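The values are calculated or read from the model by the stated rules, or taken from the named source; none is laboratory data. Remember, it's a predicted structure, so these values are computed and weren't measured experimentally. Reconstructed Cβ throughout: ideal geometry from the backbone, glycine too, with neighbour counts over all protein chains shown. Just the protein is used for accessible areas: all its heavy atoms, side chains included, with ligands, DNA and RNA removed. Shrake-Rupley method; radii C 1.70, N 1.55, O 1.52, S 1.80 Å.
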Amino acid sequence: MISKGNFLLLEPSELKGWLDKQKITRSIDKLQVHHTAAPNYTTRQVINGIAKQDVWKCLEGMRSYHLSQGWSGTGQNMTVLEDGRIAISLDRDLNKTPAGIKGANTGALCIEIIGNFDQGGDTMTVAQKQAVVHLYACLALKLNIPIDTSHIVYHAWYTASGAWLGDYQKGKSSKTCPGTKFFGNGNTRSAAERGFIPAIKAEFNRMKEGDGEPMTSEEKKQMEELKATVESQAKWIAAQKAKENMECPKWAESAYEFYKPYIADSKGSYDFWRQLVINYRKKVGIKLQSEV
Ligand SMILES: [Zn+2]
């Protein structure tokens, strides 16, 4: 986690912990989906998933551009980089209404995904794809937002004035954002319902149920056997421990009475009591009789 200038940069693994600590004071029921178009993998000089351009330069560059448009700060609340890192806009924290979709920002959170995901543009890296899916799942969990296309919305499903079209309609939609090849299958509502939304749901369930794969019946049986072994060993150890420091047993009572003035403690090990009995028998001349 690094904070510099107007941004806080998180590793994907730091996101959930960070989000858990955030106090949300406004009502948020929509998560916008955008691509930046520019900057993109070309301006970032991405080679094998690694960008040559400085990350802070990229982030501050976007902010400067937004300010030059007369906006009060960075437009988006969050930005996902090509390497999966997530930048939080410090001048547009989660409690500030974003400037993401003109006329449709109230109650929304704006997430910009670095890249141009129109046909012929960038192919999202695996790291970025995983981070994007993880981010939306974390936000759905944190903000209690249903994972569907009424609440996780593409910019393209609105007109330029912010009217809800409910789908990408060429000529009517304000933009193609998040790209006609977004998530590999495009920016339509049905594409989202087939690709992006199920991926978020799967990540959401993975997070809620924990990372583990469900056990097979054979694994369950092995687990039960192991548990039984461990339990019986624990019982045996407890019995041994009890034997190490036991009150005088019935069979050693006479010996104990005899030697009591010489013994400080009323407790001793099994072997101690046994030896005491042997000494006592020797002392008083008791010999064991054979049974016949
Ligand atoms: Zn957009």
- prompt: residue 27: accessible area at probe 1.4 Å, nearest 10 Å²?
  reply: 90
- prompt: Is there a pair in 16/142; 243/287; 260/283; 142/181 whose C-alpha atoms are over 19 Å apart, and which pairs would that be?
  reply: 243/287; 142/181
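What 222 nm value per residue comes from the helices of the chain, counting each DSSP H run with n ≥ 4 as -39,500 (n - 2.57) and dividing by all residues, nearest 500 deg cm²/dmol?
-12000 deg cm²/dmol
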- line: Amide H neighbours of residue 246 at under 5 Å, excluding residues fewer than 5 places away on the same chain, with H built from the backbone geometry, are 268, 269, 270
- line: Of all DSSP beta bridges with both partners in the chain, the antiparallel percent, nearest 5, is 55
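Suppose accessible area is computed on protein heavy atoms with a 1.4 Å probe; arrange 248, 110 from highest to lowest. Please list the in-between numbers first.
Details: 248 30, 110 0 Å².
So the residues, ranked largest to smallest area, are 248, 110.
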- prompt: Cβ under 10 Å from residue 141's Cβ, residue 141 left aside: what net charge do those residues give with Lys, Arg +1 and Asp, Glu -1?
  reply: +1
Apportionment of accessible area to carbon and sulfur, the chain, percent (1.4 Å): 52
message: Need the C-alpha centroid separation for the stretch 240-279 versus the stretch 105-126, integer Å.
response: 79
query: Check residue 117: other-chain or 5+ apart residues with amide H under 5 Å from its amide H, H built from backbone geometry?
result: 37, 122
- request: Hey, can you find the accessible area per residue of the chain for me, probe 1.4 Å, expressed in square angstrom?
  value: 57
Listed residues 57, 30, 220, most fluctuating in the chain (Gaussian network, C-alpha, under 10 Å): 220
statement: Put 67, 9 in order of accessible area, largest first, probe 1.4 Å, and you get 67, 9
- request: Sticking with the crude label model, points 7 Å out along Cα→Cβ, report the distance from residue 250 to residue 150 in nm, one decimal please.
  value: 7.6
- prompt: residue 71: accessible area at probe 1.4 Å, nearest 10 Å²?
  reply: 100
query: Tilt of helix 217-244 relative to the longest C-alpha principal axis of the chain, in degrees (0 to 90, nearest 10)?
result: 40
query: Got the relative contact order for the chain handy, in percent, Cα pairs under 8 Å and 6 or more residues apart?
result: 16
- request: For 218, 209, 14, give the ranking by accessible area with the largest first, probe 1.4 Å.
  value: 209, 218, 14
query: For the stretch 167-185 and the stretch 75-97, what is the separation of their C-alpha centers, rounded to whole Å?
result: 22
message: Helix 55-68 against the longest principal axis of the chain: what's the angle in degrees, Cα atoms only, rounded to the nearest 10?
response: 40
message: Could you give each residue of the stretch 101-110 its phi-based ³J(HN,Hα) in whole Hz, using Karplus coefficients 6.51, -1.76, 1.60 with θ = phi - 60°, and x for Gly or Pro?
response: 10, 3, x, 9, 9, 5, x, 10, 10, 9
- prompt: With every protein chain present, what accessible area does residue 29 have (1.4 Å probe, heavy atoms only), rounded to the nearest 10 Å²?
  reply: 80
